[in-house]
Each structure stands twice: as C-alpha cells, then as structure tokens.
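Report on the structure given below.
The values are calculated or read from the model by the stated rules, or taken from the named source; none is laboratory data. Here the structure is a predicted model, which is why all the values come from computation and not from measurement. All Cβ positions, even for glycine, are placed from backbone atoms using ideal geometry, and neighbour counts span all protein chains on display. All accessible areas refer to the heavy atoms of the entire protein, side chains included, with ligands and DNA or RNA removed. Shrake-Rupley method; radii C 1.70, N 1.55, O 1.52, S 1.80 Å.
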Amino acid sequence: MLFDEFDREVFSAGQEIFTYGDLGDCAYLIEDGAVEVIIAKLGGEHRIKMMGKGELFGEVALIDYQTRTATVRALQRTVLVPIPRKLMEGLLEKSDPVLRHLLLVILERFRNRNEESAAQAQNLMVPPEQSARRKVLQGEATQKLSLAHGMKRALAREEFELYYQPICQLSDGHIAGFEALIRWHHPKDGLIPPNDFLWVAEQTDFIHEIGLWTLERACRDWKTLKKFTHYAKPFFSVNLSVAQLNQVNLVDDVGTIIAAQQVNPEELKLELTETVMVVHPDQALTTMRGLVALGCGLALDDYGAGHSGLTNLQRYPIGTLKIDRIFVDPILDSLQSLEIVRSSVSLAHSLGMNVVAEGIETDGVRAKLLDMKCDFGQGWFFGRPAPLQRTW
Ligand code: C2E
Ligand code: CA
Ligand code: CA
C-alpha cells in the first residue's frame, strides 16, 4: 500500500541504475521490465542474476549503510518504484531488535563472502573502514542484547524515569496535554531510550510490571503536569504495548490504578498501535471497549507506519489519530507526504477523531499542518521530552 505513494523511475535498455561502490540510499521494486545484476571479476564483467517484475533489489546497502555490492542495469524499458532509506529506517526502528541484529549478521556474512571472492579475484584487500563500520554495528547489537539482564533489577532500584513531552494546540500553541515516555538511567551505560530495552520486556512478562509502573507514575505526576496545560479538556497520554493489550487483566488493572490515584479517567489517553488490531482483532476490540467503558480515551499511535487503512479501523473506539513522524517531517519537501497527511486529517475528522501530528521540528511544518486543520502537534518545535522537575 505504501508503495503507491512514491514516484516511479523509468530506465531505458542498457541504462545503469547503480554501480558497484556507489552509496545506496534506496532499494527498488521492479514494477515493469527486467534488470541484470553484474559483478566485476578477473577484469571482466559477469552477470550473476536477472530479475523481473515484482522483484526487489538494492536493499542490502539500504539496510547496513555500506556501498553497493554490484552494478545493476536495465535489460529493457524498466519501471522502478524506489523505496527510500527514510521509510525503511522508520520501519526498521519499529521492528524487533533481535530481528534487526540477525538481519545485520546475515548481511555481514553475505558481504564477507561476496567481497572476499571479489577481492581474491582481483588480488585486493577489503577496505579497513568497511570492516570497522561492521564491528561498530555488531557491537551495538550485542550491547543491546546484554542490556536485557539488568532490566529486572532496575525497577526495584528505581532506575526508570518518565519524561514528558508537551502536545500543543496548533491554533494557539498552548499545551493541551503531555505524553509520558520512559527512560532508563543505567548505572554504567547512562540514559537508555525506550526502543533499546522495551522490546526485551515485550518478550517476557516484565512488560506488564513496567507498564503498570508507568501508568501509576504518570497518574501520580499528572497533578503536577496539569498545571502547565492551557486547554478546556487537558489530557495525559500513556503508551500501551501490544503484549499489554492482550493481557486479560489489563482493564481491571487500569481501573484500579486510576481509582487509587484519583485521576479523572477522561483525562487519560492510552496510545496503541494498529499492530494489535491486525494481530488480535477481536481480543483488541474487547479490551478497547473495556478501557473506554472506564472513561479513558484511546489514541492510535504511529499512524501511517503500519499497513491497514483508516477505514479498516473504524470499528474500534478510537478518539485520536496520531500521524507518524515519517510522514509529517517531510511535508514541506514531498508532495506525497503532504497528501498522505492532508487526507489522513480529513478522513479522521470525518470519522469523528481529532488529530495529533508527531515530530514537528520547525515552524514551517507547524504552519502547514495548521493550514490542513490538524488539531494538535507534538515535536521538538514545541518541546523535547523532559523530566517532571523541568518547568514548562
Ligand atoms: P512514540 O510513542 O511514537 O513516541 C514519540 C517518540 O518520538 C519519542 O521517542 C520522542 O522522543 C520522539 N520525538 C518526539 N518529537 C520528536 C521530533 O520532533 N523529532 C524527532 N526526531 N523525534 C521526536 P522515545 O521517547 O525515544 O520513544 C520511542 C518509543 O518508545 C515511543 O514512540 C513509544 O512507542 C515507546 N515508548 C516510550 N515510552 C513507553 C512506555 O512507557 N511504554 C510503552 N509501551 N512504550 C513506550
Ligand atoms: Ca506514543
Ligand atoms: Ca508515535
């Protein structure tokens, strides 16, 4: 579905699409035509593969930031759909880091094999900067895996903290609410962002403990935060992970915490992504109805980064649509992004939802979104996530 949004590139027979050694910033899907993949060997050129309609190429350099491993040329008139790195990065960021790690290991093996044979054939050495970059990538992945061990003790030692990021009305810039975003103050590694450890928690029961801790802390902090809002219906947002949403006790647990902290449930918005509705549609609907019955609002997070259209999600009681940063950020440069955002805003409004644009970094982007009648904005332009002690 996403592919429809990108411009096509047309190549004539014999034209080069990219050359061995080029820096790669996009992969290509062959919509029509055919290409040949060529490597240099013993001073000559060797075709190693031909690819046709529906096949994907150029993805290796896109994922591991290395140079192109081969030359690719059109065999006839060929229409390609480029898949830009920015989109791939957005999707990879949200994927399971174990899979990301495996992907990098597999790519490294693939490159080692190809480069060693190419280097042997030409009597060359693999450039040292390339193997250094690989070591960094592997080191990062291994370090992330080892983090898992310290996480359980971290909760008892109070190493987690919630940061809060303002969500502002686009019409006047006033703060309407805040989103709670978790951080881990690791005794050795310093401040660790949520994407580096939550995936581990997701794969164990620990996500439930950490999720309830987050909700309880955000409810407690809301009394302080609310003073910084300037809006008729102020709110605070808490993220729910897929694993939490599938837990049978979730509605009861949320009800208990809200009651104990004496929070008005209408001021709490729970953010969830469409993954949960795609993977467990019926269970998700039951849980979401239970949360709404408590009085809480629901926000659909990261909209656009997933695969389902908004109309598929109509049956769920969602009051807020949050449009993902990968579409919001480029609206001034990309007509496609602009149109995706514009149509999402108007579709959401017609379904009775309000809209938050994520990742607003400049005044120009803010003004454009206001033009499109988007309701709220969140991003560095309005304020970065910060600890509670900071005065907004
Ligand atoms: P998210 O829910 O999409 O949160 C927004 C992320 O975008 C935050 O990253 C925020 O720091 C970042 N961001 C906000 N404005 C801008 C901007 O203008 N430019 C850029 N480049 N980035 C911006 P963060 O805090 O690293 O959180 C990452 C993700 O981790 C969150 O994405 C959310 O999915 C998850 N997360 C964070 N806290 C929790 C939590 O307590 N529970 C659960 N289940 N997930 C959480
Ligand atoms: Ca969120
Ligand atoms: Ca988001």
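For the reader, a short list of remarks on this structure follows.
- Whole-percent carbon and sulfur share, accessible surface of region 256-382, 1.4 Å: 51 percent
- Of the residues Lys233, Lys226, ranked by 1.4 Å probe accessible area with the largest first, the sequence reads Lys233, Lys226.
- Using a probe of 1.4 Å on the protein chains alone, the accessible area found for His349 is around 70 Å².
- Computed accessible area, His280, all protein chains, 1.4 angstrom probe, square angstrom: 80 Å²
- Taking 7 Å steps out from each Cα toward its Cβ at Ala367 and Leu92 produces label points 3.5 nm apart.
- Förster radius 56 Å - calculated FRET efficiency between Lys41 and Lys233, Cβ distance, rounded to 0.05: 0.25
- All other residues whose Cβ lies under 15 angstrom from that of Ile258 are scored, Lys and Arg at +1 and Asp and Glu at -1, for a net of -1.
- Extending 7 Å from the Cα toward the beta-carbon at both Val279 and Glu159 defines two label points whose distance is 2.5 nm.
- Every Cα-Cα pair in region 255-392 was counted, and those over 17 Å apart are 62% of them.
- For region 242-316, the relative contact order comes to 38 percent (Cα pairs under 8 Å, sequence separation of at least 6).
- Accessible-area order (highest first, 1.4 angstrom probe) of the listed residues Arg342, Arg220: Arg220, Arg342
- Where a label projected 7 Å from the Cα of Asp333 along Cα→Cβ would reach, residues of region 24-59 with amide N under 17 Å: 24-27
- In Å², nearest 10: area of Ser343 left accessible to a 1.4 Å probe: 60 Å²
- Modelled spin-label separation between Trp380 and Thr204, with each label point placed 7 Å from Cα along the Cα-to-Cβ direction: 3.3 nm.
- Residue-span extension gain [Arg8 to Lys53] - 0.36 nm each, minus C-alpha spacing: 14.8 nm
- Accessible area in the full protein assembly, largest first, 1.4 Å probe, for Phe382, Phe110: Phe110, Phe382
- Heavy-atom surface of region 158-387, accessible at 1.4 Å and reported per residue (Å²): 42 Å²
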